[in-house]
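Encoded as structure tokens, the structure appears first; notes follow it.
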Amino acid sequence: MYSGLKGMNITAPFKEEAYQFLKKLSYGSKVEFSGEAEISKAINTVLLSGEKIKAYNTDILALHDLLDKSMNLVNKSSLKVAILGAGGAARGVLSALSKFSKLMKIEIFVFNRTLLKADNLARDFPQMGIKIFPLDCCMTTFNMFDIVFNCLSSIPQQFANKNFRLGEKQVFIDANYKERFPIMPESGTYISGEEWLIRQALASFRLFTGFEGNLEGYMHVIHKNFSTKRRLIYLIGLPGSGKSTVGKLLAEALKMDFLDSDELIEERSRMSIKEIFDRFSEAYFRNMESEILTEISNCEGLVVSTGGGIILSELNRKLLQEGHVIWLWSKPEVCAQRLRQSSTRPLLQSSSSEEMLYKLKSLLLTRINKYFCTADLIYSVDGKSLEHIVTVLQKELSGHV
């Protein structure tokens, strides 16, 4: 029915429209909305399976996590919460707060430029007793709140030249990941828009793949200075994810040279990877892998296909991050199909396709957080043509290499 489409992410300003569109479909189709999607009347993640459509709002799932974190920091039995703005992000915050308001007393104050918009929002959550005020009022009442949410799309002029100091146990949660709200450093707890963004993305990743991501690793990645990176592109991922095939075509498209780190090891040692494992050990191979990567990391203008386990070494991960790292995501089932005729992978020697699939899944489970911590970009290659993959990666890398 969906021509191979497995799902999609939806971003602002289409989250509410997408919800309304699927609501119309739900009368004649099998559309399932998560509780968070229903209460917020907005969706950002859709999964498609046969005739079934499942719709979620992972912004709210991220907010549940952030509120848990904030309440542990505030450590009170009742809360005063301020929300700056009355748009989609503010609706998401109120949706998340509605869960916690059943467990504790929460006073909620919405500050907005136009009171009519704030009043309309408050009317959608009548059970929460929301109080509304003009936006300027928050400047004089700022420190009376335990938690402040900034849901404004841009910083108003009257706030731009101010420095807000948080109380020791006050928490400020910023929805804006493009402009940091003017909070003074080392005061209270500031939770950035990037953290909210990454938490909702990880929730979507979990829904799409069934795997947990690594928050700390991706918070590190999002703050990288890409301008200091070398003109090197590393492809990482499971065996069978297409690194060598994609790498050759990407290098050609970018007018760069191509290297396969495993092939280079075989050339230097005059042995296959399997022979190195058999005659010596995996540890011996990993040392060779690190030596080769150290050499490559001093070069420029290369697209490098790496071995699936190159990210196991902390040294290797640091070397890789000096360039641009792309994780080619492919399901273990798809990788197993591609590798079914292969007898050259020492860690995947198998007597059956079922055994190979089991080994690939085990490898992914042990490596997934290291892939996450190392990658600058994750791109799912399953079901896509090579031409399409290369075109997308070219656009993503534009201006960086």
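Things worth noting here:
- When the inverse distances between all different Cα atoms of segment 154-285 are averaged and flipped, the Kirkwood radius reads 19.7 angstrom.
- Lysines with Cα under 20 Å of Lys178, excluding same-chain neighbours fewer than 8 positions away: Lys15, Lys162, Lys224
- Between Arg180 and Arg270, the contour length at 0.36 nm per residue exceeds the Cα-Cα span by 27.0 nm.
- Size of segment 33-176 as Cα extents on the principal axes (Å, biggest first): 54, 32, 27
- Fraction of antiparallel bridges per DSSP, the chain only, in percent to nearest 5: 15 percent
- Ligands, DNA and RNA aside, Asp124 has an accessible area near 90 Å² when probed at 1.4 Å.
- The distance linking segment 128-185 with segment 228-292 is 49 Å (Cα centroid to Cα centroid, whole angstrom).
- Order of exposure, largest accessible area first, which applies to Thr140, Thr366 with probe 1.4 Å: Thr140, Thr366
- Förster-model FRET efficiency, 45 Å R0, Arg279 and Thr391, C-beta, rounded to 0.05: 0.60
- Estimated vicinal HN-Hα couplings, Hz - segment 67-77 in sequence order (Karplus 6.51, -1.76, 1.60; Gly, Pro = x): 5, 4, 4, 5, 5, 5, 6, 6, 6, 10, 8
- Selection from Ser297, Ala18, Ile106 lying farthest towards where the dipole of the chain points positive, charges on Cβ: Ile106
- Mean separation of Cα pairs under 8 Å and 6 or more residues apart, divided by the residue count, gives segment 44-141 a relative contact order of 23 percent.
- Net charge dipole size for the chain [Lys, Arg +1 and Asp, Glu -1 on Cβ; Debye, nearest 20]: 980 debye
- In Hz, Karplus ³J(HN,Hα) per residue of segment 84-89 (6.51, -1.76, 1.60; θ = phi - 60°; x = Gly, Pro): 9, x, 9, x, x, 5
- Pairs with C-alpha atoms separated by more than 26 Å, drawn from the list Lys243/Lys274; Lys30/Lys243; Lys69/Lys361; Lys6/Lys395; Lys41/Lys131; Lys41/Lys331, are Lys30/Lys243; Lys69/Lys361; Lys41/Lys331.
- Taking amide H as placed 1.01 Å from N in the peptide plane, His324 has its amide H under 5 Å from the amide H of Leu232, Ile233, Tyr234, each at least 5 places away in sequence or on another chain.
- Stretching Val74 away from Asp382 to a fully extended chain increases their span by 106.4 nm, per 0.36 nm per residue minus the current alpha-carbon distance.
- Angle between the chain longest axis and helix 193-209 axis [Cα atoms, degrees, rounded to 10]: 60 degrees
- Label assignment, Rg/Rh (Cα atoms, Kirkwood Rh) derived from the structure, set (1) 1.09; (2) 1.04; (3) 1.00: (2)
- Estimated vicinal HN-Hα couplings, Hz - segment 364-369 in sequence order (Karplus 6.51, -1.76, 1.60; Gly, Pro = x): 4, 4, 7, 10, 4, 5
- Accessible surface, 1.4 Å probe, highest first, among residues Tyr371, Tyr190: Tyr190, Tyr371
- Built amide H within the under 5 Å cut-off of Ile173, gap 5+: Val148, Phe149, Asn150, Ile191
- Percentage relative contact order, the chain, counting C-alpha pairs under 8 Å, at least six apart: 12 percent
- Built amide H within the under 5 Å cut-off of Asp260, gap 5+: Ser305
- Debye log10 I(q)/I(0) at q = 0.13, 0.17 Å⁻¹ for segment 15-103, Cα point scatterers: -0.48, -0.73
The values are calculated or read from the model by the stated rules, or taken from the named source; none is laboratory data. On a predicted model such as this, the values are computed, not experimentally measured, just so you know. No Cβ is skipped: glycine too gets one built from the backbone with ideal geometry, and neighbour counts run over all protein chains shown. These area figures cover heavy atoms from the full protein model, side chains too; ligands, DNA and RNA do not enter into them. Shrake-Rupley method; radii C 1.70, N 1.55, O 1.52, S 1.80 Å.
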